[in-house]
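Asks: Submitted below is the structure of interest, expressed as structure tokens.
The values are calculated or read from the model by the stated rules, or taken from the named source; none is laboratory data. Note that the coordinates shown come from a computational prediction; the quantities given were computed from them, not determined experimentally. Here the Cβ is made from the backbone with ideal geometry for all residues, glycine too, and neighbour counts use every protein chain on show.
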Amino acid sequence: MYQYDEFDQRIVDERAAQFRDQVRRRMRGELTEDEFKPLRLQNGLYLQLHAYMLRIAVPYGLLSSAQVRKLAHIARTYDRGYGHFTTRQNIQFNWPKLEDVPAILEELASVQMHSIQTSGNCVRNVTSDPFAGAALDELEDPRPYCEILRQFSTFHPEFSHLPRKFKIAVTGASHDRAAIAVHDIGLRIVRVDGALGTEFWVGGGQGRTPLLAEKIRDFVPMRDLLSYTEAVLRIYNEHGRRDNKHKARIKVLVKEIGVPEFRRRVDEEFARIKDEPGLVLEERELDRVRAFFLPLPYDATATGDLAALGLHKDRTLARWVKNNVLPHRRPGYAIVQLSLKAPELPPGDVTHAQMDAIADLSDRYAMGMVVVTHRQNLVLRDVKIADLAELHTELTALGLATPNVGRASDVIACPGLDYCDLANARSIPLAMAVQERLRPIEEEHELGDLFINISGCINACGHHHVGNIGILGIDKQGEEFYQVMLGGSHTEDAALGKVLGKALTGTEVVDGVERLVTRYLELRHDEEETFLAAFRRVGNDPFKEALYGAHSTTASV
């Protein structure tokens, strides 16, 4: 993984020292809250419903075991004993005291971490495929390019105050696990006539105005990765709306002026700046960064049959292997997904004791690395197949072996009204109730891939628009209600879900989701047909009837 050089380390050390002084002045009354707000947001510190929340950057989701141990220490020392992994491959602490935040930043800096640009109208954490470097379908490891974009965008003088926040995702595989279609910029690494470059997708996003990204270039050579990215950002910075934050994202600009005109403006700017010093991505710089992501010291003698484990006489082990373990590009190895959707904890939450244990397991079984996924789970990327049974036993004892990754009870949920002052409704209790209701069905039936996403408000931090079943919390005259939408997808067949009908209460939604899943079991051709495939084949009506009943009113709210 990437290691800070002297320059990187100085940046995070100086930022922590600066924030210590800013907090001191705020607590002495020398800064008002209005004066302090932009300073704390630049360091990822939000003031939420009950307390401050600190969001920590995890570039492209990659953590070392030392960093995981530091996060455990922070949770134990400065918070309430747990952290919350997010859909942006970051981690949040929901209860830090203001006076402790400078110390937290200093602790993070000691293990090459920070919270810079995890908030504000700037380029946020660059995300990627959680299986990067190990996926069977990978053309090129995307992490070096994510790291180059991270370095390019951090403290970029022109893009520190964009019209609105800006998110970039990169994938190097044929199957899109980075959700590039719902990002401001989505990059897919491709090879054309032997040359490596990227498809360039622009203008995706969820929230109040959900839109899928549009492809504006089939191929941008890697030499031009930074200059073309800069051209896109410059056009957005110049022409993006600043009079209405709800219309300020780049997706609105692309939609308003149209893809051909947006492409023309970008290409014109690109032609002007493409050869500027500092914007040309030279091969020696690529080689320098790639060197941090070279193949690990795999055991050439490692063997094992993943298929055989999936049929093991121990049915618990076999089910875990089938649902949570994936083939690795290296013979004798596997990709292991740790479910953070156990019954007793909110989705994405991990205790300090679990984090310490995960760090130990990563050292023993996975070469000291842990990856955060978009679905609020974790990955041990490089595990010997021969070690899987032993690892499963240890994960089971920790409550991290729930065999449901990618299944119905693997529910995404934002913090919702339990924490967030923007939320209209609670997400966490609903997610836990849905999980509990669906687990018996999962145990009885093979449901296949079924993604359920819940957001507590229109900002869509729970990615409800791209859930196969998406649930959005709304406020109806001071009461919590939920809209249900179907048909969303975050992969290469990206789609935005459509609202089925009237909003429901929380209890009605839990009952309704169970009926939707039951109707899917009745409709599917066989166990191979996923919920999304069945929905696309039969359409809305059978599912609408299952949710509301044949004679109920279904006017949308």
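Asks: Within 20 Å of GLY205 (Cβ to Cβ) and in contact with a Phe, Trp or Tyr (Cβ under 6 Å, 6 or more places away or on another chain): which single residue out of GLY497, GLY473, GLY456, GLY462 fits that description?
Replies: Working: GLY497 fails: in contact with a Phe, Trp or Tyr (Cβ under 6 Å, 6 or more places away or on another chain); GLY456 fails: in contact with a Phe, Trp or Tyr (Cβ under 6 Å, 6 or more places away or on another chain); GLY462 fails: in contact with a Phe, Trp or Tyr (Cβ under 6 Å, 6 or more places away or on another chain).
When all the criteria are applied, what remains is GLY473.
Asks: Something else now. Among the candidates LEU447, LEU417, LEU430, single out the residue that is in contact with a Lys or Arg (Cβ under 7 Å, 6 or more places away or on another chain) and within 28 Å of LYS322 (Cβ to Cβ).
Replies: The match here is LEU447.
Asks: With ILE56, ILE74 as the choices, which residue is under 19 Å from the mean Cα position of the chain (by Cα) and in contact (Cβ under 8 Å) with a residue 12 or more places away in the chain?
Replies: Being under 19 Å from the mean Cα position of the chain (by Cα) and in contact (Cβ under 8 Å) with a residue 12 or more places away in the chain holds for just one of ILE56, ILE74, which is ILE56.
Asks: Only one of (1) outside any helix (DSSP H, G or I); (2) touching a Pro at 6+ places or on another chain (Cβ under 7 Å); (3) over 22 Å from ILE358 (Cα atoms); (4) hydrophobic (A, V, I, L, M, F, W, C) fails for PHE155. Which number is that?
Replies: Tallying (1) outside any helix (DSSP H, G or I); (2) touching a Pro at 6+ places or on another chain (Cβ under 7 Å); (3) over 22 Å from ILE358 (Cα atoms); (4) hydrophobic (A, V, I, L, M, F, W, C), PHE155 fails exactly one: (2).
Asks: Hey, another quick one. If you take just the strands (runs of 3 or more DSSP E) that sit entirely in segment 1-113, which of them hold at least 1 residues that are in contact with a helix residue (DSSP H, G or I) (Cβ under 8 Å, 6 or more places away or on another chain) and closer than 26 Å to LEU294 by Cβ?
Replies: So the answer is 62-64.
Asks: A further question on this structure: ARG407 is checked against (1) closer than 22 Å to SER64 by Cα; (2) surrounded by 23 or more Cβ atoms within 10 Å (Cβ to Cβ) and fails just one. What number does that condition carry?
Replies: The one condition ARG407 does not meet is (1).
Asks: Among residues belonging to segment 62-107 that are small (Gly, Ala, Ser) and more than 20 Å from SER427 (Cα to Cα), point out the one that is surrounded by the most Cβ atoms within 10 Å (Cβ to Cβ).
Replies: Result: ALA75.
Asks: Output the number of residues of segment 421-444 satisfying the condition of being over 18 Å from the mean Cα position of the chain (by Cα) and assigned to a loop (DSSP other than H, G, I, E, B). Talk me through it step by step, then tell me what you get.
Replies: Our first condition is that a residue be over 18 Å from the mean Cα position of the chain (by Cα); within segment 421-444, this holds for 421-426, 429-430, 432-444.
If we keep only those that are assigned to a loop (DSSP other than H, G, I, E, B) as well, we get 421-426.
Number of matching residues: 6.
Asks: Same structure again: Report yes if ARG375 is under 25 Å from ALA178 (Cβ atoms), surrounded by fewer than 16 Cβ atoms within 10 Å (Cβ to Cβ) and either at pLDDT 95 or above or among the charged types (D, E, K, R) (or both), otherwise no.
Replies: no
Asks: Looking for whichever is within 27 Å of ARG55 (Cβ to Cβ), in a loop (DSSP other than H, G, I, E, B) and of a type in the set (A, V, I, L, M) here; the options are LEU340, LEU311, LEU296. Which one fits?
Replies: Only one candidate qualifies: LEU340.
Asks: Can LEU447 be described as modelled with pLDDT under 95, in a loop (DSSP other than H, G, I, E, B) and either closer than 23 Å to THR373 by Cβ or hydroxyl-bearing (Ser, Thr, Tyr) (or both)? Don't jump to the end; show me each part of the working.
Replies: Values: modelled with pLDDT under 95: yes; in a loop (DSSP other than H, G, I, E, B): yes; either closer than 23 Å to THR373 by Cβ or hydroxyl-bearing (Ser, Thr, Tyr) (or both): yes.
In short, yes.
Asks: Continuing with the same structure: Show the residue pairs meeting these rules: Cβ distance below 9 Å; 6+ apart or different chains; first residue within segment 200-226 and among the hydroxyl-bearing types (Ser, Thr, Tyr); second residue surrounded by fewer than 23 Cβ atoms within 10 Å (Cβ to Cβ) and outside any loop (DSSP other than H, G, I, E, B).
Replies: Hits for this filter: THR209/HIS246; THR209/LYS247; THR209/VAL252; THR209/LYS255.
Asks: Something else about it: In segment 375-384, is there at least one residue being over 19 Å from the mean Cα position of the chain (by Cα), under 24 Å from THR127 (Cα atoms) and among the polar types (S, T, N, Q)?
Replies: No.
Asks: May I pose another question? Sort out which residues of segment 296-319 are under 29 Å from GLU140 (Cβ atoms) and touching a residue at least 60 places away in the same chain (Cβ under 8 Å), and write them in order of number.
Replies: Selection gives LEU296, PRO297, TYR298, ASP299, ALA302, THR303, GLY304, ASP305, LEU306.
Asks: Quick check on segment 173-188. Is at least one of its residues over 21 Å from ASN121 (Cβ atoms), in contact with a Gly (Cβ under 7 Å, 6 or more places away or on another chain) and of a type outside the set (Lys, Arg)?
Replies: Yes.
Asks: Restricting segment 380-418 to residues that are part of a helix (DSSP H, G or I) and charged (D, E, K, R), which is nearest to ALA353 (Cα to Cα)?
Replies: Pass one, segment 380-418, residues part of a helix (DSSP H, G or I): 385-398, 416-418.
If we keep only those that are charged (D, E, K, R) as well, we get 387, 390, 394, 418.
Values: ASP387: 22, GLU390: 20, GLU394: 13, ASP418: 23 Å.
For segment 380-418, the residue satisfying everything is GLU394.
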